[in-house]
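Computed from the coordinates by the stated procedures, all read-outs in this text should not be read as laboratory data. None of the values given here were measured: they were computed from a predicted structure. Cβ coordinates were reconstructed from backbone atoms using ideal geometry, including for glycine residues, and neighbour counts include every protein chain displayed.
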Amino acid sequence: MNLFVNVTGGLVWCNDPSVDLLIWLFCRNLGKSGLRVSCLGLGTWVTFGSQISDEMAESVMTVAYDSGVNLFDTVEVYASGRAETTLGNILKKKGWRMAICVCVAGLRGSLSRLQLDYVDIVFANRTDVNAPMEEIVRAMTFVIEQGMAMYWGTSRWNVVEIMEAYSIARQFNLIPPVCEQAEYHYFQRDKVELHLPELYHKIGVGAMTWSPLACGLLTGKYNEGVPESSRAAMKGYAWLKERLCSDEGKKQLSKIKELHLLADRLNCTAAQLAIAWCLRSEGVSSVLLGVSNTEQLLENLGSVRVLSQLTPPLIAEMDALLGNKPRNVKKEARR
């Protein structure tokens, strides 16, 4: 098997023609911590324990693992805990060790369902308005000191809250967060492109992003309406259908059609272009994928091949098409 390193992207690539799976993902540090994670991770929202069978979940995880994915994300509320149970059963059966990310209120229950002694990183999902920030930071420090997790991060926190947690950790000799989980795609840009890079340079907080395809919107599946088998047609997702049918949603669908033409020029799929676009952003350590079968997973993993084609002129073309590039007013004022 021949391996070589694509220096521009840091990609380790297998080009042995006898091997069907050609992509081996490169790893990045999670923020400025020592935790190395694959640039693409696998999320379990909606799919594990509910939308797909346990057999399909195992097939998806096996393909992901064989492709170099070492990052799996889950939450105790996904399918009322069944997602964690499914993930844990597969890990135990396979004997794999990888970075497991958990967003939890009850970590002990999650560890029990996952059949693990500890996870690599635990996330505090949204701030608790009834709890002082010092209590949250002390609780996360306790979790780490008890050996239940190696690091902790935040999920859906704003920049002010993250800085407050960092300052309190430094003031009281506690453990600060190393990462923020944030939504990031063509139509959700400000936080990841403007605010999180500043935190990365100041305090080393990285970004683990989710929903790179905007719940399937960017794949083009909704260009001609809402298919019966799509997520927008599922119970509990009326909000997604309403968003698609809104005036803003129709404008976005029009832009997506233009981006599909751009993907055709690059000889890739719309999904691969959208995920590669996320990966090119400064400070993004890993992009979480959500798939329901191995075919979708293999397609999404192929986005790493597109990354080297995203040249500055091409990104500028995409920015002009999207018309929503965030402006850094502070930088502009200093010029």
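Observations
- Shape of the stretch 254-335, Cα gyration tensor, a/c cut at 1.5: prolate
- Taking amide H atoms as placed 1.01 Å from N in the peptide plane, the amide H of GLU180 lies under 5 Å from those of THR154, GLY206, ALA207, MET208, each 5 or more residues away in sequence or on another chain.
- Pairs spanning more than 32 Å between alpha-carbon atoms, out of LYS32/LYS235; LYS202/LYS235; LYS92/LYS191; LYS241/LYS325; LYS94/LYS191: LYS32/LYS235; LYS202/LYS235; LYS92/LYS191; LYS94/LYS191.
- Residues whose amide H falls under 5 Å from that of ASN70, counting only those 5 or more places apart or on a different chain, are SER38, with hydrogens built in the peptide plane.
- With the simple spin-label model, which puts each label point 7 Å out from Cα in the Cβ direction, the ALA238 to SER112 separation comes to 3.5 nm.
- The stretch 27-156 shape via C-alpha gyration tensor axes, a/c threshold 1.5: prolate
- Note, ³J(HN,Hα) from phi for the stretch 109-117, Karplus 6.51, -1.76, 1.60, rounded to Hz, x at Gly and Pro: x, 5, 4, 5, 5, 7, 6, 10, 7
- Shape of the stretch 27-334 from the C-alpha gyration tensor: oblate (a/c of 1.5 or more and a/b not above b/c, with a ≥ b ≥ c the square roots of its eigenvalues).
- Nearest-0.05 FRET efficiency for LYS250 and ARG97, computed from C-beta distance (R0 51 Å): 0.65
- When both bridge partners sit in the stretch 140-214, DSSP labels roughly 10% of those beta bridges antiparallel.
- Table column - 3J(HN,Hα) (Hz), the stretch 315-323, Karplus curve with 6.51, -1.76, 1.60, x for Gly and Pro: 4, 4, 5, 5, 4, 5, 5, 6, x
- Extension gain for the segment GLU145 to MET56, taken as residue separation times 0.36 nm less the Cα-Cα distance, is 28.4 nm to one decimal.
- Each peptide among 262-271, 305-314 gets the average number of other Cβ atoms lying within 10 Å of its residues, and from highest to lowest they stand as 262-271, 305-314.
- Put simply, the amide H of LEU35, placed in the peptide plane, has neighbours under 5 Å in LEU30, leaving out anything fewer than 5 places away on its chain.
- The phi-based Karplus calculation (6.51 cos²θ - 1.76 cosθ + 1.60; θ = phi - 60°) puts the 3J(HN,Hα) values of the stretch 202-216 at 7, 10, x, 6, x, 10, 10, 9, 10, 6, x, 9, 6, 6, x Hz, whole numbers, x for Gly and Pro.
- Label point distance in nm, ASN293-ARG126, each placed 7 Å from Cα along Cα→Cβ: 3.4
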